[in-house]
Structure formats: structure tokens, C-alpha cells
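Written out below as C-alpha cells is the structure these notes cover.
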Amino acid sequence: MAEHPAYPVGLRLTGRRVVVIGGGQVAQRRLPALVAAGADVVLISPSATPSVDAMAAAGEIRWERRRYQEGDLADAWYALVATQHREVNDAASAEAERARVWCVRADDASAATAWTPATGRSEGVTVAVLTGNDPRRSAAVRDAVVEGLRDGTLTAPAHRRPRNNPGVALVGGGPGDPDLITVRGRRLLAEADVVIADRLGPRDLLAELPPHVEVIDAAKIPYGRFMAQEAINNALIEHAKAGKSVVRLKGGDPYVFGRGMEELQALAEAGIPCTVVPGISSSISVPSAAGIPVTHRGVAHEFTVVSGHVGPDDPRSLVDWESLAKLKGTLVILMGVDKIGAIAEALVRYGKSEQTPVAVVQEGTTATQRRVDATLATVGETVRAEEVRPPAVIVIGDVVKVHTPT
């Protein structure tokens, strides 16, 4: 039997009895996939790891706290034998053979009637790899294929559109580095017919798109009699109604000063389904890339993220700057480069020390990232003298002085 390759097959285990014998590390690794497949999982073992115990406590599996007995595999469709006792594994495997139950053995693959492949998934595609007795190679091949599907470097377009076509996806592109977009966001980009991109989105990813994809710069949409956001909403609706798969690529996260909810509401009113893909917000990632933790034990127990696109004295401002000045934690300001002088003055006026450290990180996570340090007393003039330009993230607080030991 070992001279012939294994016959690959996908088991549909929803609602079907699966017996797992042994509650150790092997079971801990294999159980989540069986639960995800909808199997009716019965664990037979006198003990289990804490993670397996938690699955039983949550009702994901049924746990019979005892040793294996003859007859335990009755009515089973599939079995996983993974105890530390060879004689138990032999007995369970023999029962499986008699009952014609496909059986995986963790201790002796050559004695098993089924093998577990190295498995990965990417939005509707399951990749399963078998290489005989070389599990590390199986895992390496699996990882390469799944990564290629996820990041779009391995293109395999769907020829059958899913019944619930998302229509429009609002994708958070992260802080700028193309490697920091989420796996799902990158996959949706690879599948898009139209991409409407913000200036702050990860521009390098646009160059990787296939030539048939229409890329629209949101900043250049002709506005006519509409406001800018209305024009973007209309473009999303127009292309989606034309049957296109549309991605709205934004910088950071769609719901962190990204007006994502406005776009979702417009799409909902037009009857167009929308998927929201969260992104890594620059409010946390950019300080991190510049060596600044927004929280640190003994220094800051909280951080607050504020939009600085309108100044403290602007009647449109919704920010309570007086309350912010009294906080002891970290203050992160987005879109505040041209207002930082007025913001710093307001914070000092309301009680913040002039010597409070400030760091301004321009174009964070990209090849042109730079960091400029100052205090509340000097940050306005420093930003002007250093010619800091948006996009930049401003961090105010003692965490700015936390350094990595050298």
C-alpha cells in the first residue's frame, strides 16, 4: 500500500460523528479544523490540555473522560487516534479497520488508513498538501500556495461569481507600507474590477493589479455640483450597479477618521451590499514604527486618538481640549500638522506642561519615514522649521522618551 500515492478527497463531516482518542497536543492541533467542518466530535480521553478542556467547556466538542474501550468507534465516520500508548492506538486502529472507519494515527502513519494533509484556507479555497513522509515539505508547499492566493501573487480568478457578491468592499489599507494591509484586504484587491483609492492608501499595491483593473484616484474624481464625498459615493454606486467588483481602498482603517460609515450608509440606501475590511490604524502603527509605544508600564495606562483637522478655537471642533489636557496618558493626533501650534498652545493653556515631549512622525512605515522630536513649547516652530508635511502622526506624552536599551 505504501508504494501507491494516497487518494486525495475532501470529507464533508457536518453533523457526522467523529471520534478523537487522546486529548494531548495532537488533538489540540486537529480539533479546531474538525469543529470548523461542523463535525459532531466526541473526545475520549481521561485527560486533556487546557485548550482542549476549554473547547469541551464551550460545548464545541463532547468529552468522555475515560480511556478507550472497544466499540467506541461505532457509527463513526472518521477517527483520529492520538494517545501516548501504542497498545491503545493499535486496538483503536484495529477496530477502525474492522468497522471500515477511516482512521488517522498520530504515532504511526504507515499503520493508518488515512493521512492528515497540511491544510490552509483562503476565502473559499482549501489547499491540502500530502508529500508522503515529509510533513515539513508539505507545510512549506501549503504555506507558499496559501500566501500566494492571499497576497494576489498567485492568481486564480473565480469563474463563478459567488451568489452573495460583496459588490463593494471598504478596505483599510494600513499606514502606508504595502506589507501591512490585511490578508483579506490584499485578496479582495486582487479580485477587484475597479479600485477607488485614497491618496493615503498603500500606493505600491496598485502597481501589482492586473491591467484590466480600473484604478480611480479618489482625489481626481470630477465633483461637478457635488461635494467630494458625495462624488465618491456616486462612483462606488455607479460601478457596483454595473456589475463590477469594487474596492474602496483607504489609508489606515475605514472607520478611524476615514468616513467609511458615510460610504456604507450611501451604499445601503442604494441597495448595494458592502463588506468592511478593517485596517491597521496609523494612530498605533506609525508610533510603533518610530519606536514609540503608545502605552508603557509605569508611564501611560491609556491613549487617546484625536482628529486635528480643525483647530481648538474652531467652532466646528468636537474635541474637549480642556479635558484632554488633564489626562496623564498618551495623546495621538491625526491630520494635525498645520494646526499643531494652536493645539499645543491650547493644551498648555489648559494645564499641560510646556515640557511635555512631542514626536511628529511623517510618512510612517514607508521608505521616507522621518521623526522630529520637540516639546509642547517648541513643536509649532519645529514643525515649520523642519518643513514637516502631511501625512504625519503626532504623539504627545512621556512615552516619547521611552527608548530601547542599547
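Side notes on the structure shown:
- Helix-only [θ]222 nm of the chain, DSSP H runs n ≥ 4, -39500 (n - 2.57) each, per residue, nearest 500: -8500 deg cm²/dmol
- Cα gyration tensor shape of segment 168-277, rounded if a/c is under 1.5, else prolate or oblate by comparing a/b with b/c: rounded
- 0 to 90° range, to nearest 10: angle between helix 340-349 axis and the chain longest Cα axis: 80
- Straight-distance crosslink candidates among lysines, where the alpha carbon sits under 18 Å from Lys328 and sequence neighbours closer than 8 are dropped: Lys352, Lys401
- Bins of 10 Å from zero: percent of alpha-carbon pairs in the chain: 4, 17, 20, 18, 18, 14, 7, 2, 0
- If you run the Gaussian network model on the chain, springs between alpha carbon atoms under 10 Å, then out of His239, His85, His309 the most flexible one is His85.
- For Thr182, the amide hydrogen comes within under 5 Å of the amide hydrogens of Ile280, counting only partners 5 or more places away or on other chains and with H modelled in the peptide plane.
- Here the Karplus relation 6.51 cos²θ - 1.76 cosθ + 1.60, evaluated at θ = phi - 60°, turns the backbone of segment 246-259 into coupling constants of 10, 10, 9, 8, 10, x, x, 10, x, 9, 10, 6, x, 6 Hz, with x for every Gly and Pro.
- Between helix 25-36 and the chain there is an angle of about 80 degrees, using the helix long axis and the longest principal axis of the Cα atoms.
- Helix 260-269 and the long axis of the chain differ in direction by around 70°, with both axes built from C-alpha atoms.
- Beta bridges per DSSP with both ends in the chain, % antiparallel, nearest 5: 35
- Among Val41, Val127, Val194: highest mean-square fluctuation, GNM of the chain, C-alpha pairs under 10 Å: Val41
- Alpha-carbon Debye profile of segment 1-67, log10 I(q)/I(0) at 0.19 Å⁻¹: -0.71
- For Leu170, the residues whose modelled amide H falls within less than 5 Å of its own, excluding neighbours fewer than 5 places apart on the same chain, are Arg248, Thr275, Val276, Val277.
- Along its first, second and third principal axes, ordered by size, segment 283-401 spans 37, 33, 23 Å in Cα coordinates.
- Each peptide in 176-185, 18-27, 50-59 was scored by the mean count of other Cβ atoms within 10 Å over its residues; highest first, the order is 18-27, 176-185, 50-59.
- Between Gly201, Gly172, Gly132, the Gaussian network model of the chain with springs among Cα atoms under 10 angstrom shows the greatest mean-square fluctuation at Gly132.
- Scanning residues 5 or more positions from Phe303 or on other chains, those with amide H under 5 Å from its amide H are Thr330, with H placed 1.01 Å from N in the peptide plane.
Readers should treat all values here as calculations from the given coordinates under stated rules, not as data from a laboratory. Since the structure is predicted, the reported quantities are computational estimates derived from the model, not experimental observations. Neighbour counts run over all protein chains shown; Cβ positions are idealised from the backbone, glycine included.
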